[in-house]
4 protein chains.
Amino acid sequence: MATYSFLDDYSEGAHPDILRALTASNYVQQAPYGADSHCEDAANRIKAHLGEGFQGAIHFVASGTMANIVSISSCLRPHEAVIAVASGHIVMREAGAIEATGHKLITVPAVDGKLTTEAIEGALASNAHFPHMTKPRLIYLSNAPATGTIYTLAELRDISALAKRRGLILFLDGARLGAALASPKNDASLADIASLVDIFWIGGTKVGALLGEAIVVCNPALSEDFAFHLKQRGGMLAKGRLLGIQFQELFGANDLFSSLARHANAMAAKLATGIVSAGHGLAADTETNQVFPILPNAVVSALQPHFAFYVWGKADDDHAVIRLVASWATEERQVDAFLSRLA
Amino acid sequence: MATYSFLDDYSEGAHPDILRALTASNYVQQAPYGADSHCEDAANRIKAHLGEGFQGAIHFVASGTMANIVSISSCLRPHEAVIAVASGHIVMREAGAIEATGHKLITVPAVDGKLTTEAIEGALASNAHFPHMTKPRLIYLSNAPATGTIYTLAELRDISALAKRRGLILFLDGARLGAALASPKNDASLADIASLVDIFWIGGTKVGALLGEAIVVCNPALSEDFAFHLKQRGGMLAKGRLLGIQFQELFGANDLFSSLARHANAMAAKLATGIVSAGHGLAADTETNQVFPILPNAVVSALQPHFAFYVWGKADDDHAVIRLVASWATEERQVDAFLSRLA
Amino acid sequence: MATYSFLDDYSEGAHPDILRALTASNYVQQAPYGADSHCEDAANRIKAHLGEGFQGAIHFVASGTMANIVSISSCLRPHEAVIAVASGHIVMREAGAIEATGHKLITVPAVDGKLTTEAIEGALASNAHFPHMTKPRLIYLSNAPATGTIYTLAELRDISALAKRRGLILFLDGARLGAALASPKNDASLADIASLVDIFWIGGTKVGALLGEAIVVCNPALSEDFAFHLKQRGGMLAKGRLLGIQFQELFGANDLFSSLARHANAMAAKLATGIVSAGHGLAADTETNQVFPILPNAVVSALQPHFAFYVWGKADDDHAVIRLVASWATEERQVDAFLSRLA
Amino acid sequence: MATYSFLDDYSEGAHPDILRALTASNYVQQAPYGADSHCEDAANRIKAHLGEGFQGAIHFVASGTMANIVSISSCLRPHEAVIAVASGHIVMREAGAIEATGHKLITVPAVDGKLTTEAIEGALASNAHFPHMTKPRLIYLSNAPATGTIYTLAELRDISALAKRRGLILFLDGARLGAALASPKNDASLADIASLVDIFWIGGTKVGALLGEAIVVCNPALSEDFAFHLKQRGGMLAKGRLLGIQFQELFGANDLFSSLARHANAMAAKLATGIVSAGHGLAADTETNQVFPILPNAVVSALQPHFAFYVWGKADDDHAVIRLVASWATEERQVDAFLSRLA
């Protein structure tokens, strides 16, 4: 019998609505490179969430790393650097993609996986010996960050105010923005985010799309010539419709973006609750779709033939921290199976 | 009434077999980042065409520009340059993507859209004032090139022999390799190409896939650490299965890669024959899926409300060259409609 | 007996005034990295030539390639390209230095070694398929260009007007600006150039300095954060005084910048006149310090044991074009010796 | 009355032997771009110190940042990263020069300013999630590091052994290599270093040259095409003689490289001894030419009108750490003046 995977939130294909929409529109001829009617409509659907004042533009790309590459490199002059937490995705999981565009990452310690105003102030203070140091210019944060926590609206406001005060560009990586917004702890809306940051992206891949992320350029000054960067970095698909159609569905009648994220978070919450009920601890609060249980090594070994998950680290000699990720496609009966086997 | 588009070969979605395969496999959990069973099987299906001696590796990426970026930048040291025809796709249509990775393009004139050994020799001779000039190191050619002609096996052999003699890497951009191999004039097989070049890619996007290109690294020396480059440039999809599934279908039981390309070429041939029969000339032979008719300006204007196509250039004061592209999805009745309106 | 070299204008060390100034100031402690009093004074001396309206800044670097790298890469966003003649120094003699900073060079044919407004207009017209092509953004020209001709004031005005009309940055490489300004054909002043271009540099190396070029940033918008680029590219010397002292001398009481250039041009003119008197032709007019005689092959062979020079190309089966370069240090008796041996 | 500067070791010009040698050789014509007889002879003089087995090559460049740029970027493929201490010069003082060539810096904590094998092992262990992380490939260390300590031969051997075991390139930044080798604590020779590292450079600027650093490529595999990189990065001087002549003198009859470094170290030692005798502490041992006294704030204020130095940091509310740098040109009477004013 096969193991069931809690490894990540991209183990399955796409929500069936998306596959149906691809099929339904398949033979309609469309303009290429994102100039199709699907991308236009998808952008309008997203804009409907961004508040009346939104003056920016929306572009779709195939991958999160591409979204980060294009968003960051299009904003910066060669001597400008990025401030990020040391555990940030661009720091630790993108094979040096940002440095490959020529920019330094200035790393600071995270608090609960998150960037703080104190850390940003510290980075500015210790990177001010100009011109011998790069010029800190862009703040990178991801919501939800890798630890599964989320930023509160107050935290985002503070960082945004600091960015404006210090002339910094604020950029938000939204690979798991759906999960963050769907968190019971969340008090920020897409419109809040659009009003607070200069540029961000909304992840589709981890919330039920085959692929695709929507870059939202909020600050019009950063919009100029944006399409060149998409093309130059290899991020512009000939059949841009593929991305537009998916975001039409995610932000369509069934509101998949929210409902699929809620499902993932709910499955994670059920896992967390059950694990705690079974007498085990958690290494971090379960605010989104990731759970970090602390389990005896023997329990871990007993679970592994039946469920796939990452062993995240060692808690003590007898216990390990594992990571369980729930997704839009996680089956509740598999959650139950996990908990019953644990018990 | 809507116009019918002969603008390009990526106006529609995907062959229905591909959509069916995506749906059928949708809920099977797979490993991410190209380590899934679909990519593995697709690679094996392609390898079956590459000859017994093939020792290389196959990687899938989302776009042609990405395929060129990764293939070229992974091969070269910073001071090494690319030789390409001045009309080459990397020269004229990728927004400086290769230069953005730090490499100079040395351009030479094309003959029938193609690179010649004479032109390569000329580039080597006029770029030898070392170290004040970059070192020519990689030959870029595309088959079919932008003009719709194709390389003969003899031409490929000559260029390959020259590359080996001069220590150059030979790279083939196969955005329209399907159309080239399906041309009645073609005498080269995939196995021939794999034995003659160091690295090439097989385009899926222009032959009925939603997206996707298969990079074939023939020379094992170029394979080392290849995956890093995919990741660093943003070319690695979390759901790599999306690419694997499509190439399984293209190289599957129905041999879509060949049959769809043959259809496109046949539609182009029918257009060309009909246009010539109607008394008009062609600016270039129709060897693949592109037709370049020379039409009176008045005829062009009369066609435009009904058919979309590019006006490629001016032939004389009264005539224009237009470009018609047929695709895997081109409907024969639209070809007939075009010809009948022309007549 | 040693051969005398007419190979280039950097075969000797420095004008003795420069060596004396280095010695005289040697033990005075100075601030590092260009913040010394010599650089300040040298910049002021240069500014005195740039017209009352000059609002820009001056920076000193060690080499011409560095001056080009910093000047160009500090101005451009990643998708922006440079227009240059195909024979331009950055195209043919700097080992891909500009592409290594990520930017495409769009090359056009030269007329008398020079860029024309027609060529620029042509480059703009054929590089407008956005965003698939890079955006032409900076015009590169060098005065004097590699052929030893010079730009007239009218030519510079026309190019400048075109640049302003089309929103382009105008950059002038002045490796041999001294020779150009000292040409009998010249009608442009440093102040004219400063008013017409956005950024240019004044070469010191080829007019009697040990090393050093002065970058003049005329357009204040390009000045922001300029020092970061100098530092990042390795172009900022700890002992910036070395550059400042030399430009103090070049633009000092003895006006070495002009007088040494005039000497070089005069020696070239004497060579040219003598060669023509001896019955030989010239492949190009001698407007600066380079002479391109057309000589019988036998004469070339007879001269080679006594004088070093480049054989520039073949004129016909019996004749070659050679290049003779005169410099600030060229001895008149060696010019006479060359001419007498020729006769 | 002017203040006397202990700010750095590049406040004065050059040792008079160097100025004399420049003058003496000034009118001898030389080949350009480092192909002159001075560079050849200087390289041979350096090679005489490198041991019989030395099979590499030596190149001269104008600045330390340039030496680092060329040395590192010529060695690495795009996905490869550098391991360095967080306080390293390439990390904190070169304006992102290495990242600008596309490479990530993986930073680790220093111990006494130095990189340790433990830290390297740690960096390898935590940067192994391939291909999502860059591949650690080059170890950067500087001797003497910024703190004025030095590496022992045993430490260098251990790091070298680790590099070989793990397939890493070992690179040593020698901006203050003279001071390190002249330290009473030093037990490593140039030949030791050449046998242990793959590539290093010998700083001239901080030991009495006007400018200039000698890159020693020890590993022949890294030598191929090295000159292209020098040219491409703007690091090749037309009058390469300027660099060659200075290294002829540094490694000439008067052995300036050693004797000037010894003078600088001796002046620093005298400062340190005197400061301790006066009852003050030192924040770090004085192993080379830098002294880090801990002084009462009032004393710092009293010294500042007479001597220039950096206030390095705060020791406690009443005390500051200052940095005093002695150089080849530091006058003993100024050392005495400092100490007497301190007393």
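When residue D:134 is tested against the conditions (1) surrounded by 24 or more Cβ atoms within 10 Å (Cβ to Cβ); (2) closer than 25 Å to residue C:66 by Cα, the lone failure is (2).
Residue count for region C:97-126 satisfying the condition of being within 20 Å of residue C:145 (Cβ to Cβ) and modelled with pLDDT of 95 or more: 19. Only one of the numbered conditions (1) touching a residue at least 24 places away in the same chain (Cβ under 8 Å); (2) of a type in the set (D, E, K, R); (3) more than 9 Å from chain A (Cβ to nearest Cβ); (4) farther than 24 Å from residue A:327 by Cβ is not met by residue B:8, and that is (3).
If you go through region D:287-318 and pick out every residue that is surrounded by 19 or more Cβ atoms within 10 Å (Cβ to Cβ) and in contact with a Pro (Cβ under 7 Å, 6 or more places away or on another chain), you end up with 0.
Pull up region B:138-155, narrow it to residues that are surrounded by fewer than 22 Cβ atoms within 10 Å (Cβ to Cβ) and either in contact with a strand residue (DSSP E or B) (Cβ under 8 Å, 6 or more places away or on another chain) or not polar (S, T, N, Q) (or both), then point me to the one that is nearest to residue B:186 (Cα to Cα). Please lay out each step first, then the result.
Kept after step one, since they are surrounded by fewer than 22 Cβ atoms within 10 Å (Cβ to Cβ), are these residues of region B:138-155: B:146-147, B:152-155.
When the remaining residues are screened for being either in contact with a strand residue (DSSP E or B) (Cβ under 8 Å, 6 or more places away or on another chain) or not polar (S, T, N, Q) (or both), the result is B:146-147, B:153-155.
Working: B:146: 16, B:147: 15, B:153: 8, B:154: 11, B:155: 11 Å.
Going through the qualifying residues, I end up with B:153.
From the list A:244, A:234, which one is part of a loop (DSSP other than H, G, I, E, B), crowded, with 20+ Cβ neighbours inside 10 Å and within 14 Å of chain B (Cβ to nearest Cβ)? Break it down stepwise before answering.
Details: A:244 fails: part of a loop (DSSP other than H, G, I, E, B).
Every option except A:234 fails the conditions.
Given the structure, is residue A:54 surrounded by fewer than 20 Cβ atoms within 10 Å (Cβ to Cβ), at pLDDT 95 or above and touching a helix residue (DSSP H, G or I) at 6+ places or on another chain (Cβ under 6 Å)?
Taking the combined requirement at face value, the residue satisfies it.
Residue check: residue C:239 meets all listed conditions (1) under 29 Å from residue C:151 (Cβ atoms); (2) outside any helix (DSSP H, G or I); (3) of a type outside the set (Phe, Trp, Tyr) but one, namely (1).
Screening the candidates A:102, A:96 for the property of being out of contact with any strand residue (DSSP E or B) (no Cβ under 8 Å at 6 or more places or on another chain), within 14 Å of chain B (Cβ to nearest Cβ) and at positive phi yields one hit, A:102.
Test residue D:9 against the stated conditions and say whether it is closer than 22 Å to residue D:235 by Cα, modelled with pLDDT of 95 or more and of a type outside the set (A, V, I, L, M, F, W, C).
no
Can you name the residue in region B:108-137 that is touching a His at 6+ places or on another chain (Cβ under 8 Å) and not β-branched (Val, Ile, Thr) and is also nearest to the other protein chains (Cβ to nearest Cβ) among such residues? Looking at residues that are touching a His at 6+ places or on another chain (Cβ under 8 Å) and not β-branched (Val, Ile, Thr), I get B:131.
May I ask you to verify whether residue A:111 is in contact (Cβ under 8 Å) with a residue 12 or more places away in the chain and in the same structural domain as residue A:172 (by TED's automatic domain parsing)? Criteria not met by residue A:111.
Across region B:1-13, which residue is surrounded by the most Cβ atoms within 10 Å (Cβ to Cβ) among those that are in a loop (DSSP other than H, G, I, E, B) and touching a helix residue (DSSP H, G or I) at 6+ places or on another chain (Cβ under 7 Å)? If you could, list the steps in order and put the result at the bottom.
Step one: list which residues in region B:1-13 are in a loop (DSSP other than H, G, I, E, B), which gives B:1-3, B:6-13.
Next, only the ones that are touching a helix residue (DSSP H, G or I) at 6+ places or on another chain (Cβ under 7 Å) stay: B:9-10, B:13.
Working: B:9: 30, B:10: 26, B:13: 25.
Restricting to residues being in a loop (DSSP other than H, G, I, E, B) and touching a helix residue (DSSP H, G or I) at 6+ places or on another chain (Cβ under 7 Å), the top hit is B:9.
Could you check, for region A:151-168, whether at least one of its residues is of a type in the set (Lys, Arg), more than 14 Å from chain D (Cβ to nearest Cβ) and out of contact with any helix residue (DSSP H, G or I) (no Cβ under 8 Å at 6 or more places or on another chain)? The answer is yes, given that some residue of region A:151-168 is of a type in the set (Lys, Arg), more than 14 Å from chain D (Cβ to nearest Cβ) and out of contact with any helix residue (DSSP H, G or I) (no Cβ under 8 Å at 6 or more places or on another chain).
Any idea which of B:172, B:168 is in contact with a strand residue (DSSP E or B) (Cβ under 7 Å, 6 or more places away or on another chain) and under 20 Å from residue B:214 (Cα atoms)? Unique residue meeting the criteria: B:172.
Do the conditions hold for residue A:62, that is, is it within 14 Å of the chain's Cα centre (by Cα), within 14 Å of chain B (Cβ to nearest Cβ) and crowded, with 24+ Cβ neighbours inside 10 Å?
On the way: within 14 Å of the chain's Cα centre (by Cα): yes; within 14 Å of chain B (Cβ to nearest Cβ): yes; crowded, with 24+ Cβ neighbours inside 10 Å: yes.
Answer is yes for this residue.
Taking region C:231-246 as the range and being under 21 Å from the mean Cα position of the chain (by Cα) and more than 18 Å from residue D:175 (Cβ to Cβ) as the test, the residues that pass are C:243, C:244, C:245, C:246.
One line per residue, one yes/no per condition, for (1) of a type in the set (Val, Ile, Thr); (2) free of Cβ contacts under 8 Å to residues at least 24 places away in the same chain; (3) within 25 Å of residue C:94 (Cβ to Cβ):
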site	(1), (2), (3)
D:197	yes, no, no
D:203	no, no, no
D:213	no, no, yes
D:218	no, no, no
D:229	no, no, yes
D:237	no, no, yes
D:240	no, no, yes
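Just so you know, in region D:208-231 the residues that are of a type in the set (Asp, Glu) and within 10 Å of another protein chain (Cβ to nearest Cβ) include one that is nearest to residue C:102 (Cα to Cα), and it is D:225. Among the criteria (1) crowded, with 24+ Cβ neighbours inside 10 Å; (2) outside any helix (DSSP H, G or I), the one residue C:229 does not fulfil is (2).
So, residue C:129, is that one surrounded by fewer than 24 Cβ atoms within 10 Å (Cβ to Cβ) and not assigned by TED's automatic domain parsing to the domain that holds residue C:287 or not? Spelling it out, residue C:129 is indeed surrounded by fewer than 24 Cβ atoms within 10 Å (Cβ to Cβ) and not assigned by TED's automatic domain parsing to the domain that holds residue C:287. Within region C:247-270, if we keep just the residues that are within 30 Å of residue D:327 (Cα to Cα) and over 18 Å from the mean Cα position of the chain (by Cα), the residue that is surrounded by the fewest Cβ atoms within 10 Å (Cβ to Cβ) turns out to be C:248.
The values are calculated or read from the model by the stated rules, or taken from the named source; none is laboratory data. Fair warning: this is a prediction, and the values are worked out from it, not measured in the lab. Counting neighbours? That spans all protein chains shown, and the Cβs are built from the backbone with ideal geometry, glycine included.
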